[in-house]
Amino acid sequence: MPLVTSKEMFKKAYEGGYAIGAFNVNNMEIIQGITEAAKEVNAPLILQVSAGARKYANHTYLMKLIEAAIEETGLPICVHLDHGDSFELCKSCIDGGFTSVMIDGSHLPFEENIKLTKQVVDYAHEKGVVVEGELGRLAGIEDDVNVSEEDAAFTDPDEVEEFVERTGVDSLAIAIGTSHGAFKFKGEPKLRFDILEEIQKRLPGFPIVLHGASSVIPEYVEMINNNGGEIPGAQGVPEDMLRKAASMAVCKINIDSDLRLAMTGTIRKYFAENPSHFDPRQYLGPARNAIKELVKHKLINVLGCAGKA
């Protein structure tokens, strides 16, 4: 089975009241953990590659690993560029076989965001590739994305129709209170479902994307802190809020920090319990399994997309 675009996935997800998991990948173990979980529960998948992941692992290596995952699982998999920040980067990924790209012009003024997004859409659509745009800015840090709380901004529902109409994007990432990284809320977690509802009214049937949507699972935070790590106060988006978003217009939920925490927590614990071990397979195996179990949980209980492949 070749790579697929997310277009048909999103249509089914919108109609079915569930969301597709978009998981960030950087190496073989992460790709294996995610795709093995999806195969076990028969779920469609989006594997996301950030600019940082591309620099780290190399475009060709990542694409070949994903090809191997498709061959092994037979699943419909979409490969997506996460947070493309320039036309050149998006073009390089489109030419290199990605089936979906995100152009993030959210840091630009409205008209410039439209201009840049439309430029990417025009090129991508000629090649049969779909495009995600962004309106509003999420706070937090993830790879090359670093937005301070002062610069963060909720999506303005008054802008969404014009943006979608003038750019021709296939999906839209919005800001309703999620953020990048492991420190998403200082106090009680709160998402602006009123903004999502208003956008859903104005763009009926149109797929919405939620970035920064890891739940920062306490078990893994504790595992890290108990084994030499130091991430006090880490807090994510409660899973019931994500389930609610998935039942509405949100068709794609991005998950990265949870994968990092599961992998790092498992490895730290392994090192603490097995100080004499030095074979990478000994600690990367359990880390891969932790990712698999985490992803399986997300697909079944949070995204609701198990059995939808």
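A few points about this structure:
- The residue pairs whose first member lies in segment 54-82 and is at positive phi and touching a residue at least 40 places away in the same chain (Cβ under 8 Å), whose second member is open to solvent by 70 Å² or more (accessible area, probe 1.4 Å) and of a type outside the set (Val, Ile, Thr), and whose beta carbons are closer than 7 Å, counting only pairs six or more residues apart or on different chains, are 74/1.
- Only one of the listed residues (262, 249, 272) is closer than 21 Å to residue 82 by Cβ and out of contact with any strand residue (DSSP E or B) (no Cβ under 8 Å at 6 or more places or on another chain). That residue is 262.
- Condition met for residue 116 (within 26 Å of residue 25 (Cβ to Cβ) and either open to solvent by 20 Å² or more (accessible area, probe 1.4 Å) or modelled with pLDDT under 75 (or both)): yes
- Per-region count, segment 250-273, residues in contact (Cβ under 8 Å) with a residue 24 or more places away in the chain, among the hydrophobic types (A, V, I, L, M, F, W, C) and over 14 Å from residue 21 (Cα atoms): 5
- 2 or more residues open to solvent by less than 50 Å² (accessible area, probe 1.4 Å), of a type outside the set (Ser, Thr, Tyr) and farther than 30 Å from residue 205 by Cβ: qualifying helices (runs of 4 or more DSSP H) within segment 218-309: 218-225, 257-273, 280-297
The values are calculated or read from the model by the stated rules, or taken from the named source; none is laboratory data. Please read these numbers as outputs of a predicted model, since none were measured by experiment. Positions of Cβ are backbone-derived with ideal geometry, glycine not excepted, and every protein chain shown enters the neighbour counts. Just so you know, the surface numbers come from the protein's heavy atoms only, side chains and all, with ligands and any DNA or RNA stripped out. Shrake-Rupley method; radii C 1.70, N 1.55, O 1.52, S 1.80 Å.
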